[in-house]
Amino acid sequence: MKIAARVINSAGLHRVTVGTDGSAKEISIAPNAVGKGSSINGSELLMLALATCYCNDIYREAAKQDIPVDAVEVICESEFGWPGEAGKNIQYKVHITSSVSCDILEDLIKHTDTVAEIHNTLRKGATVTLLSNNTM
């Protein structure tokens with residue numbers, strides 16, 4: 001499976017497209033109101049990626065175990081310092097609304113933490129490679 005994201009930006013324009021295996025979807029993110037760039041920073045989007053991944057994976061893993069899930073809330077937080085400094089102290093919490101017992105939900109929450117792809121990518125420290133410089 002190949003995942004891709006594309007940003008096209010200029011003064012007053014911010015176009016974001018994401019996709020899996022060539023199936024593209026546009027996401028509405030406003031341009032920066034006081035200059036060029038996005039109104040949302042990458043750190044915020046990273047927290048959104050973690051929250052989205054975990055939310056989707058809860059539903060996926062619950063379905064495998066026939067656990068009914070009515071609603072999921074995920075809150076991700078981290079600390080970022082100076083420009084260029086890696087984030088630290090990434091934490092998240094989840095609340096699931098379901099008719100099953102708290103013990104079953106706790107097991108689902110812990111299991112999903114072990115299979116959440118974005119979480120595991122950060123935990124293992126993926127390689128990031130710049131392929132070219134201004135030659136698209």
Practice problem: Would you check if there is a residue in the range 47-69 being within 25 Å of T121 (Cβ to Cβ), modelled with pLDDT of 95 or more, part of a strand (DSSP E or B) and of a type outside the set (F, W, Y)? | Solution: no
Quiz item: Quick one: is E106 modelled with pLDDT of 95 or more, in a strand (DSSP E or B) and among the charged types (D, E, K, R)?
Solution: no
Quiz item: Here is a list of conditions, (1) outside the structural domain of G81 (by TED's automatic domain parsing); (2) surrounded by 10 or more Cβ atoms within 10 Å (Cβ to Cβ); (3) more than 18 Å from T121 (Cα to Cα); (4) not hydrophobic (A, V, I, L, M, F, W, C), and T20 meets all of them except one; can you say which number that is?
Solution: (3)
Quiz item: In the range 11-46, what count of residues is obtained for those that are in a loop (DSSP other than H, G, I, E, B) and of a type outside the set (S, T, N, Q)?
Solution: 12
Quiz item: Just one of the numbered conditions (1) farther than 14 Å from D107 by Cα; (2) under 20 Å from the mean Cα position of the chain (by Cα); (3) acidic (D, E) is not true of E61; which one?
Solution: (1)
Practice problem: Would you be able to say whether some residue in the range 86-99 is part of a loop (DSSP other than H, G, I, E, B) and modelled with pLDDT under 95? | Solution: yes
Self-check item: Counted residues, the range 15-71 - those being among the polar types (S, T, N, Q) and farther than 30 Å from T97 by Cα
Solution: 6
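The values are calculated or read from the model by the stated rules, or taken from the named source; none is laboratory data. Since the structure is predicted, the reported quantities are computational estimates derived from the model, not experimental observations. Reconstructed Cβ throughout: ideal geometry from the backbone, glycine too, with neighbour counts over all protein chains shown.
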